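A short write-up of the structure that comes next.
The values are calculated or read from the model by the stated rules, or taken from the named source; none is laboratory data. Remember, it's a predicted structure, so these values are computed and weren't measured experimentally. Counting neighbours? That spans all protein chains shown, and the Cβs are built from the backbone with ideal geometry, glycine included.
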């Protein structure tokens, strides 16, 4: 975790958690307009946050085969335009939409183990320990964590419990699925960041998953750039 981007979740938010950045481009017209359309007539920040959560969860399709690789693809506006992504870009988009509505928000990162990983997901990974992103928002005087990763239709197809959220309690991925099989295990929470340290994330992914990242860089499995980038991990 880059210290200059770190968010102390034991303290009220600083202005950085409301400020647009290159990746959290919450002032882009498309992001502003979408956030306003979704929030609509919601009366409180919590109500707005819940509406934004369900919009990102279900309208932005979770696609583990699609890889946001370049810095440009990691802008919230790019994720919104693409309409799909994996956990980290979806969480980044939700945080940016929240900022556009005046809600302090940041990106949380964690190590997780997905006990339902398929052989295709694990091929070349060299590990079953994935890098996962979630969103944190400051609501009603406290930080709340939520993961918008898995859309409802995907949950129904793969017997994964959909993650419901009331804006008042943490809502992270379920430890068991709808068939009572072990699902998501959170191993390490790295904390939250108000901006994305792109180079550091790249270095982390290449260090952890060299075989898989090399395969992605060769153009297999999704959209790829000429330079190494991020794959879908959780």
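Per-structure values
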{"item": "Residues (loosely packed, with under 13 Cβ neighbours inside 10 Å and in contact (Cβ under 8 Å) with a residue 12 or more places away in the chain) located in region 3-13", "result": "12"}
{"item": "Identity of the residue in region 185-229, in contact with a strand residue (DSSP E or B) (Cβ under 8 Å, 6 or more places away or on another chain), under 19 Å from residue 73 (Cβ atoms) and outside any helix (DSSP H, G or I), that ends up modelled with the lowest pLDDT", "result": "196"}
{"item": "Candidates 53, 34, filtered to the one that is touching a strand residue (DSSP E or B) at 6+ places or on another chain (Cβ under 8 Å), crowded, with 17+ Cβ neighbours inside 10 Å and touching a residue at least 60 places away in the same chain (Cβ under 8 Å)", "result": "53"}
